[in-house]
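The values are calculated or read from the model by the stated rules, or taken from the named source; none is laboratory data. Because the structure is predicted, anything quoted here is derived from the model rather than measured. Here Cβ is always computed from backbone atoms with ideal geometry, including for glycine, and neighbour counts include all displayed protein chains.
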There are 2 protein chains.
Amino acid sequence: MNESASGNSGAAPAAGPTEPRSAIVIGTGMIGTSVALALRECGRPVWLHDRDAESVRLAAGLGAGSPLLADGAPAGPVDIAVLAVPPGAIAAELRAAQERNLARCYTDVASVKELPLRQARDLGCDLRSYVPGHPLSGRERSGPAAARADLFLGRPWVICPLAENDADAIVLVTGLSAACRAQPVQISVTEHDQWVALVSHAPHVVAAAMAARLEQAAPGALGLAGQGLRDTTRVAAGNPGMWLQILTGNAGPTSQVLRAVAADLQHAATALDQVGAGDEQAVKELAELLDRGSAGVARIPGKRGGPARDFAIVQVIIPDRPGELARLFQAADEAGINIEDVGIEHSPGLPVGVAELSVKPDAVAQLSAALAAGGWPVRR
Amino acid sequence: MNESASGNSGAAPAAGPTEPRSAIVIGTGMIGTSVALALRECGRPVWLHDRDAESVRLAAGLGAGSPLLADGAPAGPVDIAVLAVPPGAIAAELRAAQERNLARCYTDVASVKELPLRQARDLGCDLRSYVPGHPLSGRERSGPAAARADLFLGRPWVICPLAENDADAIVLVTGLSAACRAQPVQISVTEHDQWVALVSHAPHVVAAAMAARLEQAAPGALGLAGQGLRDTTRVAAGNPGMWLQILTGNAGPTSQVLRAVAADLQHAATALDQVGAGDEQAVKELAELLDRGSAGVARIPGKRGGPARDFAIVQVIIPDRPGELARLFQAADEAGINIEDVGIEHSPGLPVGVAELSVKPDAVAQLSAALAAGGWPVRR
């Protein structure tokens, strides 16, 4: 092995029984580089490859591993090769990697799963060693500079075992998710594509369709926008080129969800037109849609994986200047209270903001008292 | 005047030339009580009325003013009566208040404007003294307990002068917005209803229609949800009964926006179906929708009223225990850096979280160095 200073220096510690002892990451974007960084934090040797040599240099510079060069390749097959390339490029990369016998097993990280599997079958790839995967980082950036070793910490990592898979390959991919400190979730490729269409791909198009209405809006209208509009449309700001690949790669399941949403919106529009004519049935239909929406939101797990409403919120008015937040958290700390989350709302053109502190409900009174004693205007 | 201890005690300081010197608030929900609290902070006497006596008692207990009782009424007309009741109830309350000559001028705070104005005309209200208004608090809660004196601080307050209005009435309503430290925005009732349909009412229905798809989803699918889905659907959790009133009160403009969004989603679904058949034109249409969505989001002003991308983000891994945030902000403070915003992402089942600190771009290097020196794992 010929290892660069930025990469795989030192002896690798013994891996757990299921964790891959060595890896090649093909595609050093945000996801691929993050996987590599996580493996490097476990002390595993990692080799990096990308069509873009500059991207490999950057990832290696971040400590994600060594460039996979003719004179710097592993002596034999590594335990796992991670294909972190766009969905449409996975099958060809898999075929090429298998022909070179780069690894004992292979996985990918794409957010669609049926398309690359179909293409891998068509190309005659060996499906005994390829286990499709999808770590859900929830991070909406791209490129190696956005990578983080802890990107997958506590997040779901979908693994889709195939009937053709060797048991060892499934174990190694599961071990990869463990090395990245993610939570493995085993489902079929069909389930995966339907589920992400519902919770990610269709919502992206819905946000884009709503945001598209703002393109020609009067500037004054946008001045009335509040947090609700910002949140509803936020994801539509994401990289349109990347999303086009994701959506066309998961066209069928996404289309199905979008048709249902479009039909509900069409019905809502018709109901609103009839409301003006005093139609009671129309009001009822509209009420039903709002109730279903409210029930749907209530089913989304919160950040901690449980219901999102576990915490009470204490509001504090804070001057917008250095040191104020430090003083605030110091006061909470001295009162022995853990602040679980914090949001800050600034007021345009004014030198104050409102901090919303999330705490356990039984800590509200104590925190309010501590902050009030420190001179902050507090409201529950 | 007979003033209760919880309310209008002490002599009122002289008001600015345009600020109302006294007020009656009819409807002590979150908005009405917040207006009353803001006026009380300016030292103005305020009388409170609501069909729900318990709500008045609670608002008075918060210091929002005195109950408007037979034996506790102002000696003569107050400067302004604020009708903080649901849209469909405004005209009748206005008529009744004008018959009792409660105030020199009248305004309301409803989020739809054409409906109450039409009803006020139909009831024969005096339109010289009624200036329709709508403060946009951006707060999605209800009831007097959710009220805050600073609710409108820096927020837009729409004022819709009518051809029939006395100039004095417009001045007083503008003064009310100033007393609440809001930013007055003068537009017509028609513009108002179209603008809020676009930036608030239609987005609410769109979020509800997307969230309604989650009602019957597999629990595992919801386990794959990320921040994108939470944000896209969040507003749909809001009070369905209140939203039904808002939407039916602004049916025409909202319906128009929803039809356009539904059509775009229908087209997107059709394009996705054709993508599977290799249709290049379909891919182009989908790309155009994503581009328009991205352009639309870019037009929404940020929290400070400017573009939302002024700040750089520094990420820090923090143990989930008391005192860690205090230490973090203390270190930032000692380095002389103002943290503009902060978000905390917890990892399910793990004892660490990631804090995202927003700072001015030129402070990134200094903050990163200060935090690294303090022992925190930092990434830009």
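Take residue B:296 and decide whether it is within 30 Å of residue A:274 (Cα to Cα), crowded, with 19+ Cβ neighbours inside 10 Å and free of Cβ contacts under 8 Å to residues at least 12 places away in the same chain.
When the stated conditions are applied, residue B:296 passes them.
If you check residue B:216 against the conditions, is it farther than 20 Å from residue B:114 by Cβ and among the polar types (S, T, N, Q)?
yes
Could you tell me which numbered condition residue B:95 fails, if it satisfies all but one of (1) surrounded by fewer than 24 Cβ atoms within 10 Å (Cβ to Cβ); (2) at pLDDT 95 or above; (3) under 30 Å from residue B:202 (Cβ atoms)?
Condition not satisfied by residue B:95: (3).
Considering only residues that are touching an Asp or Glu at 6+ places or on another chain (Cβ under 7 Å) and hydroxyl-bearing (Ser, Thr, Tyr), which ones fall in the stretch B:157-212?
Correct list: B:190 only.
Which members of the stretch B:227-262 meet the condition of being of a type in the set (D, E, K, R) and at pLDDT 95 or above?
B:259
Looking at B:197, B:169 in this structure, which one is at pLDDT 95 or above, among the aliphatic types (A, V, I, L, M) and not assigned by TED's automatic domain parsing to the domain that holds residue B:44?
The match here is B:197.
Would you check if there is a residue in the stretch B:252-262 being more than 7 Å from chain A (Cβ to nearest Cβ), within 35 Å of the chain's Cα centre (by Cα), surrounded by 20 or more Cβ atoms within 10 Å (Cβ to Cβ) and not aromatic (Phe, Trp, Tyr)?
yes
Could you give me the residue pairs with C-beta distances under 8 Å whose first residue belongs to the stretch B:123-151 and is of a type in the set (Lys, Arg), whose second residue is in a loop (DSSP other than H, G, I, E, B) and modelled with pLDDT of 95 or more wherever it lies, and which are 6+ apart or on separate chains?
Matching pairs, first to second residue: B:128/B:164; B:128/B:165; B:128/B:166.
Would you mind telling me which numbered condition in (1) at pLDDT below 95; (2) crowded, with 19+ Cβ neighbours inside 10 Å; (3) not charged (D, E, K, R) residue B:265 fails?
Here residue B:265 meets the rest and fails (1).
Would you be able to say whether some residue in the stretch B:217-226 is touching a Gly at 6+ places or on another chain (Cβ under 7 Å) and either modelled with pLDDT of 95 or more or at negative phi (or both)?
Within the stretch B:217-226, one or more residues are touching a Gly at 6+ places or on another chain (Cβ under 7 Å) and either modelled with pLDDT of 95 or more or at negative phi (or both).
Test each condition in (1) buried (at least 18 other Cβ atoms within 10 Å of the Cβ); (2) at positive phi for residue B:64 and report the one that comes out false.
Result: residue B:64 passes all but (2).
Answer yes or no as to whether residue A:244 is closer than 24 Å to residue A:88 by Cα and in contact (Cβ under 8 Å) with a residue 40 or more places away in the chain.
For residue A:244, the condition - closer than 24 Å to residue A:88 by Cα and in contact (Cβ under 8 Å) with a residue 40 or more places away in the chain - is not met.
Restrict the check to the stretch B:250-260 and report whether at least one residue is over 23 Å from residue A:211 (Cα atoms) and either without any contact (Cβ under 8 Å) to a residue 60 or more places away in the chain or of a type in the set (A, V, I, L, M) (or both).
The answer is no, given that none of the residues of the stretch B:250-260 is over 23 Å from residue A:211 (Cα atoms) and either without any contact (Cβ under 8 Å) to a residue 60 or more places away in the chain or of a type in the set (A, V, I, L, M) (or both).
It is to be established whether one or more residues within the stretch B:277-288 are more than 8 Å from chain A (Cβ to nearest Cβ), at positive phi and outside any helix (DSSP H, G or I).
So far as the stretch B:277-288 goes, yes, one or more of its residues are more than 8 Å from chain A (Cβ to nearest Cβ), at positive phi and outside any helix (DSSP H, G or I).
Quick one: which residue in B:140, B:191 is modelled with pLDDT under 95 and surrounded by fewer than 22 Cβ atoms within 10 Å (Cβ to Cβ)?
B:140
Can you name the residue in the stretch B:216-239 that is surrounded by 19 or more Cβ atoms within 10 Å (Cβ to Cβ) and touching a residue at least 40 places away in the same chain (Cβ under 8 Å) and, of all such residues, is nearest to residue A:236 (Cα to Cα)?
Per the stated criteria, the residue is B:235.
Pairs under 9 Å by beta carbon, first residue touching a residue at least 60 places away in the same chain (Cβ under 8 Å) in the stretch B:155-180, partner among the acidic types (Asp, Glu) and in a strand (DSSP E or B), six or more apart or different chains?
Short answer, once both residue conditions are applied: B:172/B:79; B:175/B:79; B:176/B:79.
For the stretch A:157-248, which fully contained helices (runs of 4 or more DSSP H) count at least 2 residues that are closer than 30 Å to residue B:160 by Cβ and facing chain B (nearest Cβ under 7 Å)?
The helices (runs of 4 or more DSSP H) meeting that bar are A:202-212, A:219-223, A:227-233.
Can you tell me which of (1) more than 8 Å from chain A (Cβ to nearest Cβ); (2) aliphatic (A, V, I, L, M); (3) touching a Cys at 6+ places or on another chain (Cβ under 9 Å) is the one residue B:153 doesn't meet?
That leaves (1) as the condition not met.
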